[in-house]
Structures are given as structure tokens and as C-alpha cells.
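One structure is given here, and the rest of the page talks about it.
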Amino acid sequence: MALAAVAAEDQKFPEHFGFDFQSITDALKEREAGGRLRGASTISQQVAKNLFLWNGKSFIRKGLEAYFTVLIELLWPKRRILEIYLNMAEFGDGIYGVEAAAKSFFGKPPSELTRKEAALLCAVLPDPIRLKVTAPSAYVTRRMQRIEKQMGNLGQSYLKGIWSGS
């Protein structure tokens, strides 16, 4: 599940220090070129927002999010950040955390999820109220397939340093 979350949400998670400046720059360039504004938040930023702040868009909230992201990255190891993220992420209406999601949608603990099930759960993370695990749209199915492919590209050992504590 951890690999699926990193593959879906923040592939540079093991290397960055809370911010993916390349993704932020790319998102701003896309917006300037007339595209829609897409997210560029890292897992660490999402933890900061979900743990300490409120939903909504404002410069004050973004500033506080940056402050808390720096603190989180300084004080917690990557493993802890990822654990907090997986335990507080919303996977459906009122379904928070991977334990609740795995049991609710698949009737099993997260440790028994298949690669495809983990990818499906992560495919709905951008908007778990609109996107459904139980009735995946074509978009969710394509996203799940991309996440599964990226999990293979990253490989099981990609998060080894995080899990081993180094």
C-alpha cells in the first residue's frame, strides 16, 4: 500500500525534503499556458494540511502548510510521515485510513491487499467523494492501471530505506 501511495501521489517522496519544486513549477507553467490548475502537493504537504489545517485555498493556509511541512520533515522520519498519511487519507465518504478502506472495500487487512487493490484505493485519492472504489469510472480504472505500472517501475525495493529506518 505504501508503494501504491507513493506511485500515485508523490514519486519523489523518498528524495525530497517536503517540497517537489519541479512539480510546482510544471503545474504553474501548465496553468499559465491555459490549463487547469493541478495539484503539486507532496505527501508531506498533505499530512501538514490534513493534520493541522483546514480545507480551502488561501495564501495564509498555504504559508502555514509550508511551515508545518518543514517541521514535519525535520522532526519525523519518512516512514512516520507515510504512516500518518496512510492512516488519515480519505478513501471514500467517511472512510479514513487504509485499515478502514481495506476492510470496508475488500474485507481484509491492508497487509493482504493485492497490488491491484492497493492501486485502486490510491486511484481515488485525488477526490474520494466523487471517485469511487466500488464503482470505478473509466478515469479511475486508467489511473489504477498507471499506478500499478508505476509501482512496477519503482520496484518493491524503492521504499526499502524508509521501512528499514535508514
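The values are calculated or read from the model by the stated rules, or taken from the named source; none is laboratory data. Treat the numbers as computed from the prediction; the structure is a model and nothing was measured. Ideal geometry is used to build each Cβ from the backbone, glycine not excepted, and the neighbour counts take in all protein chains shown.
For first residues located in the range 40-59 and buried (at least 22 other Cβ atoms within 10 Å of the Cβ), partners that are acidic (Asp, Glu) and lie 6+ apart or on another chain with Cβ distances below 6 Å form the pairs 42/10; 42/20; 43/9; 43/10; 44/73; 45/65; 48/65.
The selection criterion, being within 14 Å of residue 132 (Cα to Cα), surrounded by 14 or more Cβ atoms within 10 Å (Cβ to Cβ) and not aliphatic (A, V, I, L, M), holds for residue 105. The residues in the range 129-138 that are over 17 Å from the mean Cα position of the chain (by Cα) and either part of a helix (DSSP H, G or I) or of a type outside the set (A, V, I, L, M, F, W, C) (or both) can be counted, and the count is 4. Restricting to the range 56-83, name every residue that is of a type in the set (Phe, Trp, Tyr) and modelled with pLDDT under 95. If the condition is that a residue be of a type in the set (Phe, Trp, Tyr) and modelled with pLDDT under 95, then 59 is the only one that fits.
Can you report the number of residues in the range 7-42 which are touching a Lys or Arg at 6+ places or on another chain (Cβ under 9 Å) and either under 19 Å from residue 91 (Cβ atoms) or at pLDDT 85 or above (or both)? Matching residues across the range 7-42 total 6. For the range 83-109, residues that are touching a Leu at 6+ places or on another chain (Cβ under 8 Å) and part of a helix (DSSP H, G or I) total 7.
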